[in-house]
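Notes to accompany the following structure.
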2 protein chains.
Amino acid sequence: MPHISHTAEIMPESAIRKLTPYADQAVADGIKVYHLNIGAPDIKSPDSAMKAVRDFQFDHLPYSNSAGTYALRRAIAEQYYKPIGIEFELDEMLITVAGSEALTMVFQAACDPGDEVLVLEPFYCNYNTFSLMNRVELVTVHTDIRNAFKLPSIEEFEKALTPRTKAVLLCNPANPTGTLYTKADMLAIGELCRKHDLFLISDEAYREFCYTDEPYFSAMQIPDLQENVILVDSASKRYNLCGARIGCIISHNKDVIKLINKLAQARLCPPVLGQVATYGALSAGADYFEKVRAEYIARRDITISMLNEIPGVYSPCPQGAFYTVAQLPVPDAEDFCKWMLTDFRDRGETVMITPAAPFYKTPDTGLDQVRIAYVIEQPELRRALELLAKGLKKYPHARA
Amino acid sequence: MPHISHTAEIMPESAIRKLTPYADQAVADGIKVYHLNIGAPDIKSPDSAMKAVRDFQFDHLPYSNSAGTYALRRAIAEQYYKPIGIEFELDEMLITVAGSEALTMVFQAACDPGDEVLVLEPFYCNYNTFSLMNRVELVTVHTDIRNAFKLPSIEEFEKALTPRTKAVLLCNPANPTGTLYTKADMLAIGELCRKHDLFLISDEAYREFCYTDEPYFSAMQIPDLQENVILVDSASKRYNLCGARIGCIISHNKDVIKLINKLAQARLCPPVLGQVATYGALSAGADYFEKVRAEYIARRDITISMLNEIPGVYSPCPQGAFYTVAQLPVPDAEDFCKWMLTDFRDRGETVMITPAAPFYKTPDTGLDQVRIAYVIEQPELRRALELLAKGLKKYPHARA
């Protein structure tokens, strides 16, 4: 019998999907499960996305350009980025199979096996999977829930540097913490990258989900850093087109773009129908984002106030994305999340949330924390948080 | 300025797309270019594919299951594979982002960096790119145009084995040669894999394009090899849905499936709209494939007879896929292919074909060979091959 690769040993299960079988069982038992566990919102996509797909005529479906259709690239550049002050040539952008493929390609461009990437902890857990696939080491810089997961001092980054450090990877606003890094933060990180010749990989998939009055400051806007910045973006959350699998990579660095073009050619092209849907979505105006933003601010406010009213629970107030990380009065949040699915019921209902420990790489960190995605409608959200409060009251291992 | 990874140095340009700028220039100059260079056929997809997309109602587009929708997996298993005698459990199959992603995932499951995979040469050139990305070494076993690229003796494979050999990768029918491996061939390869504990990675994307009267014999049908076989398949060519980006991996090996599930979860899901199109395509009956097959046989017959009528040209008669590799009376086929685009014109027309050398890994091999994809309508195909004949007559470096 042939032996599987060592990747099987080092690759973790998806932290986010690990509890799914328990949720499935609960549903099979007739229980209603409120899902605060994954970033799969219920918000409507722009109508123009559906219309574009419905109107798309084809009698067969050929490959598009490996870098994506010209029409989509031009529309993204001119209709989306230009109005927010980010400009680039069309050949400095490639359409990817969502942010996931973009991240894999960027790891391959920035790093050889054994190289290191600095990342703020807690971080989107698939960063870890993508780095393991490419034998790249993530080196973490800790952020603290009691300091609202704010950017640590640049000295903390510098302490983590080694000769193999090739890049800083930042998600802004951040999944899972909802932290929004300010212009001052971005300039400081830019200075670090310039000083130490590091790539700055900026994952801006949640750019339209910012809840302060400050204008969003993209890594692409850091002065004199154009050789260092690689932007990773996605249509998934922006237009709630997660299933379209469309994202992009943008960089002014010609070597990076040249290599990523080769990787893109090898896999032939990004999904054509997803490109059609995204092209359609782009005609949505600023009012689309405004409505979505207002809805998320309302949901966030409900989430944070209800969480902090529960005895022993603490959550900082996130300024972006649609997640928050909360500290619970339990010794082992994973056990609690599982217990909620297997044991807790209130009028035939329960709630699914995600333990936060898998978003940390440092062992035994974040064990009492959970990630909550506020992606359901307000009345449902209130009920889900009420269920969480009731669950914590009944949970046999609760500290409070 | 940060340094790009060494991947930039080792990753070749796409051999198939390298001449594209010259073709673009010819078109810009008003020249009509016949494309025999890429496997992008003009055949219609089943109407049911388009209908499924047009009828698909969504107000947002969530992720599907990482392994693909249950509906699509069941339809593929029951409507496509079961009738051709290939059976498996639904959890032994995962939907992938076409054959491209499937191959990358399978390399990661079968190999660690530095491991080796045996492949018949010439081979689909992106096997090389995928192996380089994963730091896997392709070790070639030579096949000869004068022997119609038939399977060499198993001793040739055994000579190429080292302690790091983990798998045999076979494309059946083969791109670029059109070779169809027989049941006896497959049983012999199966025996080799069993004896040496190798995975057999079987790329069967062209399974429906077979032009003999023998029934197709899949690697999945080799007796007692279920722990070794990993099937890679694709909807791209079968239904001419290249742009849908839908393929799959099937294996009875639980460890392989478990690892690939983890890789699949990391990238969240395959394209949802492509899954919808493919689900629709599956209701096409056997008559769809029969019509397509008849058309390709006619095209193949035109191609092979016209090629072999050109002085100094030799092409074996392929039994599958829609490619053939031909030997031309030129010292450097790449130069000839480029010259056809830049210098040769006949009534304002020329033809684009692909040099075959990039399909060989062994240096200085196949330099006088080209790959021809017979993917255009018969009258156009005749004219394109006439242009090739005329070009060879005029080409200043022709040997004939």
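The values are calculated or read from the model by the stated rules, or taken from the named source; none is laboratory data. Being a predicted model, the structure only gives us computed values, none of them experimental. A quick note on method: Cβ atoms are made from the backbone with ideal geometry, for glycine too, and the neighbour counts reach across all protein chains shown.
The conditions of being modelled with pLDDT under 95, within 26 Å of the chain's Cα centre (by Cα) and loosely packed, with under 15 Cβ neighbours inside 10 Å are not met by A:Asp47.
Yes or no: A:Thr354 within 14 Å of chain B (Cβ to nearest Cβ), in contact with a strand residue (DSSP E or B) (Cβ under 9 Å, 6 or more places away or on another chain) and closer than 24 Å to A:Arg207 by Cα? So A:Thr354 fits the description; yes.
Residues that are outside any helix (DSSP H, G or I), closer than 18 Å to A:Ala98 by Cβ and of a type outside the set (A, V, I, L, M, F, W, C) within the range B:264-289 comprise B:Arg267, B:Pro270, B:Pro271, listed in sequence order.
Is there a residue being surrounded by fewer than 21 Cβ atoms within 10 Å (Cβ to Cβ), over 17 Å from the mean Cα position of the chain (by Cα), of a type in the set (Gly, Ala, Ser) and farther than 28 Å from A:Val370 by Cα anywhere in the range A:92-111?
Within the range A:92-111, not a single residue is surrounded by fewer than 21 Cβ atoms within 10 Å (Cβ to Cβ), over 17 Å from the mean Cα position of the chain (by Cα), of a type in the set (Gly, Ala, Ser) and farther than 28 Å from A:Val370 by Cα.
B:Tyr296 meets the conditions (1) without any contact (Cβ under 8 Å) to a residue 12 or more places away in the chain; (2) more than 14 Å from chain A (Cβ to nearest Cβ); (3) within 26 Å of B:Arg245 (Cβ to Cβ) in every case but one. The failed one is (1).
For the range B:24-40, a residue qualifies if it is touching a residue at least 40 places away in the same chain (Cβ under 8 Å) and either more than 7 Å from chain A (Cβ to nearest Cβ) or part of a strand (DSSP E or B) (or both), and the qualifying residues are B:Gln25, B:Ala26, B:Gly30, B:Ile31, B:Lys32, B:Val33, B:Tyr34, B:His35, B:Leu36, B:Asn37, B:Ile38, B:Gly39.
Quick check on the range A:120-169: of everything there that is farther than 13 Å from A:Ile189 by Cα and hydroxyl-bearing (Ser, Thr, Tyr), which residue is surrounded by the fewest Cβ atoms within 10 Å (Cβ to Cβ)? My answer is A:Thr162. Can you tell me which residue within the range B:54-68, out of those that are within 26 Å of the chain's Cα centre (by Cα) and either at the interface with chain A (Cβ under 7 Å from one of its Cβ atoms) or of a type outside the set (Ser, Thr, Tyr) (or both), is surrounded by the fewest Cβ atoms within 10 Å (Cβ to Cβ)? That would be B:Ala67. Of the residues making up the range B:343-378, those that are among the hydroxyl-bearing types (Ser, Thr, Tyr) and surrounded by fewer than 17 Cβ atoms within 10 Å (Cβ to Cβ) are B:Thr362, B:Thr365. For the range B:297-328, the set of residues classified as of a type outside the set (Gly, Ala, Ser), closer than 17 Å to B:Tyr206 by Cβ and touching a Gly at 6+ places or on another chain (Cβ under 9 Å) consists of B:Arg300, B:Pro316, B:Cys317, B:Pro318, B:Gln319, B:Phe322, B:Tyr323, B:Thr324, B:Val325, listed by residue number.
Checking B:Leu180, B:Leu192, B:Leu187 one by one, the residue that is in contact with a Gly (Cβ under 7 Å, 6 or more places away or on another chain) and in contact (Cβ under 8 Å) with a residue 24 or more places away in the chain is B:Leu180 and no other.
Among residues of the range B:67-79 that are at negative phi and among the polar types (S, T, N, Q), those with a Cβ under 9 angstrom from a residue that is modelled with pLDDT of 95 or more and part of a helix (DSSP H, G or I), sequence gap 6+ or separate chain, pair up as B:Thr69/B:Val272; B:Thr69/B:Gln275; B:Thr69/B:Val276; B:Thr69/B:Tyr279.
Looking only at residues in the range B:185-200 that are crowded, with 17+ Cβ neighbours inside 10 Å and farther than 16 Å from B:Leu161 by Cβ, the one that is farthest from the other protein chains (Cβ to nearest Cβ) is B:Asp185. Within the range A:294-303, the set of residues being buried (at least 18 other Cβ atoms within 10 Å of the Cβ) and more than 23 Å from A:Lys394 (Cβ to Cβ) comprises A:Tyr296, A:Arg299, A:Arg300.
Of the residues examined, A:Ala326 is not one that is over 14 Å from A:Leu388 (Cα atoms) and either part of a loop (DSSP other than H, G, I, E, B) or in contact (Cβ under 8 Å) with a residue 40 or more places away in the chain (or both). One residue stands out among those in the range B:69-91 that are within 26 Å of B:Val53 (Cα to Cα) and of a type in the set (Val, Ile, Thr): the one that is surrounded by the fewest Cβ atoms within 10 Å (Cβ to Cβ), which is B:Thr69. Across the range A:166-184, the number of residues qualifying as away from chain B (no Cβ under 14 Å), hydrophobic (A, V, I, L, M, F, W, C) and closer than 27 Å to A:Ile38 by Cβ comes to 4. Counting only residues that are under 23 Å from A:Cys125 (Cα atoms) and among the small types (Gly, Ala, Ser), the range A:170-225 holds 6 of them.
Against the condition closer than 22 Å to A:Ile95 by Cβ, surrounded by fewer than 24 Cβ atoms within 10 Å (Cβ to Cβ) and within 14 Å of chain B (Cβ to nearest Cβ), how does A:Asn253 come out, does it pass? Against the criterion (closer than 22 Å to A:Ile95 by Cβ, surrounded by fewer than 24 Cβ atoms within 10 Å (Cβ to Cβ) and within 14 Å of chain B (Cβ to nearest Cβ)), A:Asn253 qualifies. Scanning the range A:5-23 for residues that are in contact with a strand residue (DSSP E or B) (Cβ under 9 Å, 6 or more places away or on another chain) and either within 12 Å of chain B (Cβ to nearest Cβ) or of a type outside the set (Ser, Thr, Tyr) (or both) yields A:Ser5, A:Ala15, A:Ile16, A:Lys18, A:Leu19, A:Thr20, A:Ala23. Just one of the listed residues (A:Ile304, A:Ile310, A:Ile250) is in the same structural domain as A:Asp91 (by TED's automatic domain parsing) and of a type in the set (Val, Ile, Thr), and it is A:Ile250. The single condition from (1) in contact with a Leu (Cβ under 6 Å, 6 or more places away or on another chain); (2) farther than 24 Å from B:Asp42 by Cα; (3) within 12 Å of another protein chain (Cβ to nearest Cβ); (4) of a type outside the set (S, T, N, Q) that B:Ala219 fails is (3).
With respect to the conditions (1) at pLDDT below 95; (2) within 14 Å of chain B (Cβ to nearest Cβ), A:Tyr127 falls short on a single one, namely (1).
Restricting the search to the range B:1-55, which residues are of a type in the set (Asp, Glu) and closer than 30 Å to A:Ser251 by Cα?
B:Glu9, B:Glu13, B:Asp24
Only a single item in (1) buried (at least 17 other Cβ atoms within 10 Å of the Cβ); (2) on the phi > 0 side of the Ramachandran plot is not met by B:Gly312, and it is number (1).
For B:Met340, the conditions (1) over 20 Å from the mean Cα position of the chain (by Cα); (2) surrounded by fewer than 22 Cβ atoms within 10 Å (Cβ to Cβ); (3) farther than 30 Å from A:Ala102 by Cβ all hold with the exception of (2).
For A:Phe209, the test of being closer than 30 Å to A:Ala298 by Cα and either crowded, with 24+ Cβ neighbours inside 10 Å or within 14 Å of chain B (Cβ to nearest Cβ) (or both) is passed.
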